[in-house]
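The structure appears right after this line, and notes come after that.
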Amino acid sequence: MASFGKFRWISRRITTQSSAPLRICVVGSGPAGFYTAEKILKAHEKVEVDIIDRLPTPFGLVRSGVAPDHPETKIVTNQFSRVAQNERCSFFGNVCLGSSITLPELREMYNAVVLAYGAESDRSLGIPGEELAGIYAAREFVWWYNGHPDCRNLDPDLKSTDTAVIFGQGNVALDVARILLRPTAELARTDIASHALAALEESSIRKVYLVGRRGPVQAACTAKELREVLGIKDLHIHIQPADLVTTPADEIEMKNNRIRRRVYELLSKAVTPVHAPHPGRRELHFVFFRKPDKFLESNDRSGHLGGVQLEKTILKGDDELVKQVAVGTGVYEEISCGLSLKSIGYKSIAIDGLPFDSYKGIVPNIGGRVFADASKDHMQYETGLYVCGWLKRGPTGIVATNLYCAEETLACISDDIGKGVLTSNSPKPGRDGLLQLLDSRNTRVVTFDAWEKIDAEEKRRGNLKNKPREKLTTWEELLKV
């Protein structure tokens, strides 16, 4: 890093003397970050964009969040790669905001900074026993089977129990259930991490419970994800018939929301005939109108999960209300299990120098412009600071949702450029300054060229195993390659 001559961007000098380029830094290389960069580059010919990420690998949740058996969703990385290869764009991995470089330093180097680093923490249930061994956030489990280097050593015990309880009924919960229940011969043809495949091949899990506070009409998954898990070969589906009875309020919800009606119809048709599943057959239980009350310690293994206690709920709310709320009834029941996964929402992390709403888990903003002061009589924005993605709106939506989110943030940036709020009259050092600072701190930067070496090596190893890729799953391996 002592000499910057080897970086391809060094030859991209702006030849016009009239004005320096506007320099924008995007923090986070997931869908929100790449869509934002792409739209900025298309809309403004004299803007340079640098994308930084704390991982050595780009693409965020497309790489570490999308299920391995959803290769069609990952095709978007081809589009993102073309963005990174644009001569006015650079990717710098292994650069962590907060430790490698601070937000004030970035803002000093760039005309604008767009924060799109997503949500890398988890919501807590806040119930007794949550510290017991055998309880994980669904995010950790997803990162583990997707080969994220932070969760390489998670090592969930899948052999000591035949039952897993998942809290939540959204798409991530369904992904996790599907990975636990799907035949491993089918998973072996995907880019699932080898350590996860090996553990799943030896797994004793045969029953998975998906627990939701509300009813089948309010299940948060999409019809596509539900169809996929219901279509697993030789899987026994169990739903209590009483849970499928709808109320007038449910009917209004389904009338107003086509997806909810479709999900309810799929669940109603999915119930396997009543006779008991034959021994060893895998079972998926949809448990509605239950909320977690406490985790129970195992009688046999001190400090380990032995079961969950659930409280029955009922829905309260006017028939005209869009959202019915689950309320506890004081009636309890237990499920024995040795593994529990909490799929109740991702959570963004605050950093120094950034306004943050801890309750909502977002940066306060309007349309992507970050608030400096949101008092009622005076609304003031942070000049040159924007957000996009989950940090902006919360952990909702699919990959494509970030496309519209990026368009909204771009509109704010373009408006500020048009009004002269963002100007290149005082030239900023941009990537030159960034790389010099990182070099002075001995930070090893991974450029997009370097990522392409990782990419090629993973594909080469995958080819040997008849897989799309064999992921490198430790920081050491990734940086070595």
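The values are calculated or read from the model by the stated rules, or taken from the named source; none is laboratory data. Values in this document were obtained by computation on a predicted structure and should not be read as measured data. Glycine gets a Cβ as well: all are built from the backbone with ideal geometry, and neighbour counts include every protein chain shown. Note: areas computed on protein heavy atoms with side chains; ligands, DNA, RNA excluded. Shrake-Rupley method; radii C 1.70, N 1.55, O 1.52, S 1.80 Å.
Assorted remarks:
- Across segment 351-360, rounded Karplus estimates of 3J(HN,Hα) from the backbone phi angles (6.51 cos²θ - 1.76 cosθ + 1.60, θ = phi - 60°) give 10, 4, x, 10, x, 8, 9, 5, 5, 7 Hz, Gly and Pro being marked x.
- Only the Cβ atoms of Lys and Arg (+1) and of Asp and Glu (-1) were treated as charged; on that basis the dipole of the chain about its Cα centre amounts to roughly 1060 debye.
- Cβ-defined net charge surrounding GLY328, 11 Å radius [Lys, Arg +1; Asp, Glu -1]: +3
- Average accessible surface area per residue within the chain, 1.4 Å rolling probe, Å²: 45
- ASP157-ILE366 FRET efficiency (beta carbon distance; Förster radius 45 Å; 0.05 resolution): 0.45
- What you get for segment 269-360, charging only the Cβ of Lys and Arg (+1) and of Asp and Glu (-1), is a dipole of about 300 debye around the Cα centre.
- The chain - mean residue ellipticity at 222 nm from DSSP helices (-39,500 (n - 2.57) per run, n ≥ 4, rounded to 500): -9000 deg cm²/dmol
- Taking all protein chains together, GLU105, GLU407 sort by accessible area into GLU407, GLU105, largest first [probe 1.4 Å].
- The phi torsions of segment 415-420, fed into the Karplus equation with coefficients 6.51, -1.76 and 1.60 and a -60° offset, translate into couplings of 4, 5, 5, x, 7, x Hz, rounded to whole numbers, with Gly and Pro shown as x.
- When TYR117, TYR404, TYR145, TYR346 are compared by accessible area of protein heavy atoms, the largest-first order is TYR404, TYR117, TYR346, TYR145, using a 1.4 Å probe.
- Distance between the pseudo-spin-label points of ASP449 and GLN85 (7 Å out from Cα toward the beta carbon): 1.5 nm.
- Label-to-label distance, GLU334 versus ASP415, with points set 7 angstrom from Cα along the beta-carbon direction: 5.7 nm.
- With the cut-off at under 18 Å, measuring from each backbone N in segment 393-431 to a point 7 Å along the Cα-to-Cβ line of ARG258 picks out 398, 401.
- Built amide H within the under 5 Å cut-off of ASP122, gap 5+: LYS347
- Extension gain (nm, one decimal) between LEU266 and THR102, 0.36 nm per residue minus Cα-Cα: 54.2 nm
- Accessible-area ranking of GLU297, GLU458, GLU186, largest first, probe 1.4 Å: GLU297, GLU186, GLU458
- Per-residue SASA entry for ARG123, accessible area with 1.4 Å probe, Å² rounded to 10: 80
- Rolling a 1.4 Å probe across all protein chains gives TYR264 an accessible area of roughly 40 Å².
- Spin-label zone in segment 155-187 - amide nitrogen under 18 Å from a point set 7 Å from the Cα of THR474 along the C-beta vector: 155-156
- Evaluating 6.51 cos²θ - 1.76 cosθ + 1.60 at θ = phi - 60° for every residue in segment 51-56, the Karplus couplings come out as 10, 10, 8, 6, 8, x Hz, glycine and proline recorded as x.
- Dipole size of segment 105-218 about its Cα centre, with +1 on Lys/Arg Cβ and -1 on Asp/Glu Cβ: approximately 580 debye, rounded to the nearest 20.
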